[in-house]
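First the structure, in the form of structure tokens, and then the observations on it.
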Amino acid sequence: MHHVRDLTRHIADLIVDVRDLIVDVPNLIVDVRDLIVDIADLADDVADLMRDIADLIDEVRDMNDDVNDVMRDVIDPIDGTIAGDCRRSGGGGESRARPPPFAAARMTHPCLSCGACCATFRVAFHWSEADPALGGPVPAALTEPLDPHRLVMRGTRSLPSRCTALDAEIGVRAGCTIYPSRPSVCREVEAAWEHGRPSPQCDRARTAHGLAPLQPGDWAWREAANEGWPDDGDHDRDPPTPAPPLAA
């Protein structure tokens, strides 16, 4: 009888546990349903954020175009003034004018009609370069994680590669929408022969897009830009060094 009583008590306890479980099931279903709703709301928020980022990128590109227009408006009159000074200083009707240096740098710099490197290689760098608290200049919204220590520019994680900051028609025109804030790895890539030495990365990128590798002669415009200036003993009239282009 003693064992029967214990068994009966255990069965009664089990029935109570089952009843409590049955009572909890609807609550669990409600919790799961609420979780699904929260996940759906989060997905909507992420979609809205991605749209905002895309709009921001468009605004940055528009801003870059506006800056380029302003620079053209500012530089063109300077170019004309420099060319006029050259003609007037020739004397005796002899023209000693040369192509204005700013115009030459703006119109003939090979990088401004290329963009191949930004559409060929993975752009990976340490995460601190996109952390404003550490002085990182790279816009974090244009990056994504690569591994625990590195980020990549969006669009370059896998092939085909094209950096999201690139505004270009490869081989025709090219510009970087974040040029002053570009990653360190971008700053380290040299155009072939720009500084008197070859650049295997530049050659590979151009070849991948059907462009001929740059040659030393592609930089002859810089020598031409420094010829034909009158020497009147006044060093203040030496031609200014062309500013680096906003190139990819």
*Please list, ordered by first then second residue, the pairs with beta carbon atoms under 9 Å, 6 or more apart or interchain, first in region 170-199 and closer than 15 Å to Ala212 by Cα, second β-branched (Val, Ile, Thr) and part of a loop (DSSP other than H, G, I, E, B).*
Ser199/Val189
*Qualifying positions in region 89-137 - outside any loop (DSSP other than H, G, I, E, B), within 27 Å of Leu211 (Cβ to Cβ) and at pLDDT 90 or above*: Pro110, Cys111, Leu112, Ser113, Cys117, Cys118, Ala119, Ala124, Phe125
*When only residues in region 150-169 that are of a type in the set (Ser, Thr, Tyr) and without any contact (Cβ under 8 Å) to a residue 60 or more places away in the chain count, which is surrounded by the most Cβ atoms within 10 Å (Cβ to Cβ)?*
Thr156
*Run Asp203 past the list (1) of a type outside the set (Ser, Thr, Tyr); (2) modelled with pLDDT of 95 or more; (3) under 23 Å from His126 (Cβ atoms); (4) not in a strand (DSSP E or B) and report the number of the one that doesn't hold.*
(3)
*Out of (1) touching a strand residue (DSSP E or B) at 6+ places or on another chain (Cβ under 9 Å); (2) buried (at least 19 other Cβ atoms within 10 Å of the Cβ); (3) assigned to a loop (DSSP other than H, G, I, E, B), the odd one out for Ala191 is which?*
(1)
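The values are calculated or read from the model by the stated rules, or taken from the named source; none is laboratory data. Keep in mind that what you see is a predicted model, and the values were worked out from it rather than measured. Ideal geometry is used to build each Cβ from the backbone, glycine not excepted, and the neighbour counts take in all protein chains shown.
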